[in-house]
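A short worksheet on the structure shown next.
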Amino acid sequence: MSEVPEHPGTGFDRFHTDYDEALARGLAVSGEDRLYFARARIAFLGRCLRRMGVPPPWSVLDFGCGTGAATPYFFEDLGVERVLGVDASERCLDVARATSQV
């Protein structure tokens, strides 16, 4: 059985300390902040589920969760019981774990 090589990190890891700042710069042209878009994505998902007659799931996968900004909205707006966040950047995940209040 071969050993799994140690994860060398990703290009995204370099953004973990200023992820929110970099995101804010990218969103500046819109006049809105990251939380506006995080909440809007979750609200859109809720509307789609209601239109299809599908109840909100008890568990969701947040693929590309970054530093976890959308996590509270899954609980508050969709009423889920569990969120699993995954991201290419282990360092962003560390920030998400450290700042998660849910």
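Sorting 54, 60 from the fewest to the most surrounding beta carbons within 10 angstrom yields 54, 60.
Each of 92, 48 has some number of other Cβ atoms within 10 Å of its Cβ, and from fewest to most they run 48, 92. The amide H of residue 62, built 1.01 Å from its N in the peptide plane, has 84, 85, 86 as neighbours under 5 Å, considering only residues 5 or more places off or on other chains. Sorted ascending by nearby beta carbons within 10 Å, beginning with the fewest, 21, 90 become 21, 90.
Once you treat every alpha carbon in segment 15-99 as an equal point and sum by Debye, what is log10 I(q)/I(0) at q = 0.26 Å⁻¹? After summing over all Cα pairs, the log10 values are -1.29.
Values quoted throughout were computed directly from the atomic coordinates according to the rules given, and no laboratory measurement underlies them. Here the structure is a predicted model, which means the values were calculated and not measured. Cβ atoms come from the backbone with ideal geometry, glycine included; neighbour counts cover every protein chain shown.
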